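Have a look at the structure below before the remarks.
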Amino acid sequence: MESVRSIISSYYIEFIVGLSIMSILLTLFIVITQYRTNKLAKKYNKLVNGIKGIELEDLLININKDINDMNLDINTMEQNINEIETKLSFAIRKVGFIRYNAFDDMGSQLSFSIALLDDFKNGFVFTSIYGRENTVSYGKPIKNGTSNIPLSAEEIIVIDRAIKGEYSHNV
C-alpha cells in the first residue's frame, strides 16, 4: 500500500492529466451518443408520424397490411384496364373519309365515303352519292379490311386510310 502511495505522489501530475483526458473523452463520448440518440429519436418520430401509443412492431404490421391492400388494389385496377382495353379494341377507332365528285358533270365534291373500323379492321363503309336528281346512301360491312360486297375505288381508299390512320378529305 505504501508503494502505491509513493508512486501516486511521484506521478500525481501525470495521473491528473490522464484522468482529465479520460474525463474529456468520456464527455465527448456522451455528447456524440446524445447527438445520435436525438437523431434516432427524430427518425423514429418521423416514422410513427405523430401516432401515439403504438409500438414499432404494430406500426410495421399496419404498414405491411396497407402495402398488401394497395397491391390488391393495383391488381384490380390492372384487371379493369385490361378489360377496358379489350372492350376498346372492338370500338370504332379507325376512321377514313373522302369527298369526291361521283359524276363528271357535277362539282363541289358533294359525294363522300367514310370507313369506320375497330382494331380488328371490322366495321362498315358508309357512302353517299350525290346526283342532280337524287342522292343515294348505302353501307357495306367490312370484315378483316375487306367486304363480301364489291367496293368502289373511293371505298377502298377510305378503308386503307382508316387502317393506316391517315385522314384526308379529298381524292
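Bear in mind these aren't lab numbers, they're just calculated from the coordinates by the rules spelled out. None of these values were measured; they are calculated from a predicted model. Using ideal geometry, Cβ is built from the backbone for each residue, glycine included, and neighbour counts are taken over all protein chains shown.
Of note:
- Between region 140-166 and region 77-123, the alpha-carbon center distance in angstrom: 10
- Karplus-derived 3J(HN,Hα), 6.51/-1.76/1.60, for each residue of region 72-89, Hz, glycine and proline x: 4, 4, 5, 4, 4, 5, 4, 5, 4, 5, 4, 5, 5, 4, 5, 5, 5, 5
- In this simple spin-label approximation, Leu88 and Phe124 carry label points 7 Å from Cα along the Cα→Cβ vector, and these lie 2.5 nm apart.
- Bins of 10 Å, starting at 0 and running to the largest distance - Cα pair percent for region 1-49: 23, 24, 19, 15, 11, 7, 0
- FRET E, pair Asn71, Thr37, Förster distance 30 Å, beta-carbon r, rounded to 0.05: 0.25
- The chain, relative contact order [Cα under 8 Å, separation at least 6], %: 17
- For Arg161, Arg132, the sequence from fewest to most other C-beta atoms within 10 Å is Arg132, Arg161.
- Evaluated at q = 0.09, 0.18, 0.20 Å⁻¹: base-10 log I(q)/I(0), Debye formula over Cα of the chain: -0.64, -1.10, -1.20
- Normalised by 2.2 N^0.38 Å, where N is the number of residues, the alpha-carbon radius of gyration of region 34-83 equals 1.72.
- Set of region 128-170 residues, backbone N closer than 18 Å to the point 7 Å along the Cα-Cβ line of Phe103: 128-138
- Estimated purely from DSSP H runs of n ≥ 4, each contributing -39500 (n - 2.57), the mean residue ellipticity at 222 nm for the chain is -19000 deg cm²/dmol once divided by its residues.
- Across region 140-157, coupling constants 3J(HN,Hα) worked out from phi with the 6.51/-1.76/1.60 Karplus curve, θ = phi - 60°, read 10, x, 10, 9, 6, x, 9, 10, 7, 9, x, 10, 6, 4, 5, 5, 5, 4 Hz, and Gly and Pro carry x.
- Spacing of the two label points (7 Å from each Cα toward its C-beta) at Val48 and Met22, in nm: 3.8
- Among Phe29, Phe15, the order by Cβ neighbours within 10 angstrom, fewest to most, reads Phe29, Phe15.
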